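Report on the structure given below.
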Amino acid sequence: MKAYRLDLNDVVQHPGRRVEYPIEIWLEREEAPPLAEPVQGVLIAESGGRILRIAGEFRTVVWLECGRCLTFYRLPIEFRIQEEFPLVGTPAGLNPQGYAEVEDRDSFPVFEGNGLYADELLRQYVILNLPIAPVCQPECKGLCPRCGKNLNEGSCSCPPRAGHPAFEALARVWYGENDDEHNGR
Ligand SMILES: [Zn+2]
Ligand SMILES: [Zn+2]
């Protein structure tokens, strides 16, 4: 990864300068869920002299695996980026001898010098915006625990269950013990 480098040096050296970058990229599969559509949006970089603001609105569509029925489904994702990075040094726009540079102390840095790795930044946001427990639809019926059939596609021929398996097990233990007591008398 870290292949889509935006050179923001011109913005960094000129306080007040604001540049928009239309972006459309596919992220590497190993580091993000597979994308059904590229990440698209506009990234805005603006220097405030001592701070570099990175903002933008993006959208994409990812492929996720449903935790209940194990099928893959497409999930549209939209997110807004809002980041501020401190600048060290005097911008060249204020002093010809000067040179300002982005200070990115994050444990997963997205800057190298004044170059922003937009793919790394977008990857972090895509992952932040994924559901913790992906489900293809709120009413997903999941798989039959006996035959494994996807119950969203129709019911299977397994006998209907009397209740929740955990409660069935509890009931068996309870009645089983009582039966033993009874037999012992
Ligand atoms: Zn499902
Ligand atoms: Zn079944």
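The values are calculated or read from the model by the stated rules, or taken from the named source; none is laboratory data. All values reported here derive from a predicted model rather than from experimental measurement. Positions of Cβ are backbone-derived with ideal geometry, glycine not excepted, and every protein chain shown enters the neighbour counts.
Scanning region 53-92 for residues that are outside any loop (DSSP other than H, G, I, E, B) and polar (S, T, N, Q) returns Thr60, Gln82.
The residue of region 43-57 that is farthest from ligand 2 (Cβ to nearest atom), among those that are without any contact (Cβ under 8 Å) to a residue 40 or more places away in the chain, touching a Lys or Arg at 6+ places or on another chain (Cβ under 8 Å) and at negative phi, is Glu46. Checking each residue of region 115-129 against the condition of being free of Cβ contacts under 8 Å to residues at least 40 places away in the same chain and in contact with an Asp or Glu (Cβ under 7 Å, 6 or more places away or on another chain) gives no match.
On the given criteria, is Thr90 surrounded by 13 or more Cβ atoms within 10 Å (Cβ to Cβ), without any contact (Cβ under 8 Å) to a residue 24 or more places away in the chain and among the hydroxyl-bearing types (Ser, Thr, Tyr)? Spelling it out, Thr90 is indeed surrounded by 13 or more Cβ atoms within 10 Å (Cβ to Cβ), without any contact (Cβ under 8 Å) to a residue 24 or more places away in the chain and among the hydroxyl-bearing types (Ser, Thr, Tyr). Here is the figure for region 19-47: residues that are more than 15 Å from Leu116 (Cα to Cα) and over 25 Å from the mean Cα position of the chain (by Cα) total 0.
When Glu46, Glu83, Glu24 are checked against the criterion of being surrounded by fewer than 14 Cβ atoms within 10 Å (Cβ to Cβ) and acidic (Asp, Glu), Glu24 stands alone in meeting it. A single member of Glu181, Glu177 is loosely packed, with under 10 Cβ neighbours inside 10 Å, outside any loop (DSSP other than H, G, I, E, B) and modelled with pLDDT under 70, and it is Glu181. Thr60 - would you say it is more than 16 Å from ligand 1 (Cβ to nearest atom) and in contact (Cβ under 8 Å) with a residue 24 or more places away in the chain? Taking the combined requirement at face value, the residue satisfies it.
In region 71-87, is there at least one residue being within 16 Å of ligand 2 (Cβ to nearest atom) and touching a helix residue (DSSP H, G or I) at 6+ places or on another chain (Cβ under 7 Å)? Taking every residue of region 71-87 in turn, none turns out to be within 16 Å of ligand 2 (Cβ to nearest atom) and touching a helix residue (DSSP H, G or I) at 6+ places or on another chain (Cβ under 7 Å). Given the structure, is Gln40 surrounded by fewer than 19 Cβ atoms within 10 Å (Cβ to Cβ) and free of Cβ contacts under 8 Å to residues at least 24 places away in the same chain? Criteria met by Gln40. Of the residues making up region 113-152, those that are of a type in the set (Val, Ile, Thr) and in a loop (DSSP other than H, G, I, E, B) number 2.
Among residues of region 1-25 that are part of a helix (DSSP H, G or I) and modelled with pLDDT of 95 or more, those with a beta-carbon under 7 Å from a residue that is of a type in the set (Gly, Ala, Ser) and surrounded by 14 or more Cβ atoms within 10 Å (Cβ to Cβ) at least six positions away or on a different chain give the pairs Val11/Ala45; Val11/Ser47; Val12/Ser47; Val12/Ala100.
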